Amino acid sequence: MKNHISEAIIMRIKEYGEADLLVTFFTPQLGLLRGVAKGARRSRKRFVNALDILSLVKLEYSLKREGALYFLHSGKLINGHPGLRADYSNLSKASYMIELTEVLFPPGVADQSMFELLKGAFHLIDKGEQVAYIPIIFEVKAMALGGFGIHFEKCYKCGRAYSFEGDALFIPEKGCIACLKCHRESTRSPLMGPDCVKTFIGIQSESLTQSKERRWTEKVVKEIKSVLRLHREYHLERKLKTSKYVE
C-alpha cells in the first residue's frame with residue numbers, strides 16, 4: 001500500500017456512513033480521486049480545516065486495492081480561499097470551474113498543467129483580481145488542455161489564411177474558423193472579429209498571469225462567450241449544470 005503526499009484541491013465533500021466523509025479531490029500527478037476520511041466528522045485532528053470545499057491542501061493518502069476508494073490519512077491546509085466561499089458570485093464561478101474540470105479530466109486522466117490552472121484561477125478570484133474574466137480565461141485554456149483547442153490559422157474549407165483584417169465565422173463541429181465566402185453567419189456559426197480571434201489565440205498559448213493583464217472590451221467578451229458556449233456544448237455533448245453562472 002503506497003502512501004502519496006501531494007497538493008490537492010478539494011472538489012466535493014459528502015457525508016459517508018456515521019462519521020466519515022467522502023472526499024473528491026484533484027491532484028497534479030494522479031488527477032481526480034475519491035477517498036474516505038475515516039472519523040472526520042467526529043474529530044478533525046488529522047484534517048484541521050483541510051476538508052473544506054475549494055481549499056488547496058496537502059493530503060496524505062493511499063490505495064489499498066485497485067478500483068477502491070483512497071484512504072485519507074491526514075491533511076494540512078495551504079489556502080482556504082475564503083474569498084471564494086464568502087461571495088456567492090465567486091462561489092458560483094468556482095463551482096463552474098470544478099464541474100468543467102471534472103468533465104474534461106475524469107478519474108484516470110491526470111494533467112499537471114490543468115491542476116496548476118485551477119489552482120491559479122482560484123487564487124486570483126480569491127484575491128479579487130479580474131474576477132469577471134477569470135472564468136472565461138479558465139475555460140479557453142481548460143478546453144485547449146483537454147484537447148479541444150480552436151484553430152484559427154485558416155478557413156477550414158478553402159484553406160485561405162486568416163489575416164486579422166475582417167470577421168471570421170466559428171464552426172463548432174470543426175473546432176475551426178471559416179471565411180465569409182465559404183460560410184454564412186447563423187446562431188450556430190457566430191462572427192468573431194479580429195480582436196476576438198487575437199484574444200482567443202493569446203489565451204490558448206500564454207500563461208494565466210499574462211491573460212489576466214489583457215484589456216477586455218464588451219464586444220470581445222460577448223463574442224468569446226458565444227463561441228465558448230457553442231464549443232463546449234458541441235464537444236462535451238452536454239450542457240453543464242453550472243454554466244448558467246458564467247453565461
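No value in this document is a laboratory result; all are computed from the given coordinates. Please read these numbers as outputs of a predicted model, since none were measured by experiment. All Cβ positions, glycine included, derive from the backbone under ideal geometry; neighbour counts span all protein chains shown.
Couple of notes before you dig in:
- Sites matching GluC sites (Glu not before Pro) across region 190-246 that sit in DSSP coil, with at most 13 neighbouring C-beta atoms within 10 Å: GLU213, GLU237
- Nearby lysines by direct alpha-carbon distance to LYS241 (threshold 27 angstrom, same-chain neighbours under 8 apart not counted): LYS14, LYS93, LYS119, LYS127, LYS141, LYS174, LYS212, LYS219, LYS222, LYS225
- Sequence-separation-based contact order of region 116-230, relative, with Cα cut under 8 Å and 6+ spacing, percent: 25 percent
- Normalised contact order of region 3-80, rounded percent, pairs of Cα under 8 Å and 6 or more residues apart: 32 percent
- Centroid-to-centroid separation of region 4-40 and region 115-182 [C-alpha atoms, Å]: 32 Å
- This ranking places HIS4, HIS183 by how few other beta-carbon atoms lie within 10 Å of each, fewest first, which gives HIS4, HIS183.
- In the chain, helices alone account for a calculated mean residue ellipticity at 222 nm of -10500 deg cm²/dmol, with every DSSP H run of four or more residues adding -39,500 (n - 2.57).
- A simple spin-label model places pseudo-atoms 7 Å from Cα toward Cβ; at LYS219 and ARG34 they are separated by 4.8 nm.
- 3J(HN,Hα) couplings calculated from phi for region 29-46 with the Karplus curve 6.51 cos²θ - 1.76 cosθ + 1.60 (θ = phi - 60°) are, in sequence order, 8, 10, x, 7, 10, 10, x, 10, 9, 5, x, 5, 7, 8, 9, 10, 4, 7 Hz; Gly and Pro show x.
- Taking only the C-alpha atoms of region 3-80, the Rg (one decimal) and the largest Cα-Cα distance, Dmax (whole number), read 11.1, 31 Å.
- Candidates per trypsin sites (Lys or Arg not before Pro) in region 95-187, loop by DSSP, up to 10 other Cβ within 10 Å: LYS181, ARG184
- Around the Cα centre of the chain, unit charges on the Cβ atoms of Lys, Arg, Asp and Glu (plus for the first two, minus for the last two) sum to a dipole of about 480 debye.
- Region 196-212 - phi-based ³J(HN,Hα) in whole Hz, Karplus 6.51/-1.76/1.60, Gly and Pro as x: 5, 4, 4, 5, 4, 4, x, 4, 5, 10, 9, 7, 4, 4, 5, 5, 5
- 0 to 90° range, to nearest 10: angle between helix 112-126 axis and the chain longest Cα axis: 90 degrees
- Selected from ILE98, PRO194, SER62, residue furthest toward positive end of dipole (the chain; charges at beta carbon): SER62
- Taking all Cα pairs closer than 8 Å and separated by 6 or more residues, the relative contact order of the chain comes to 15 percent.
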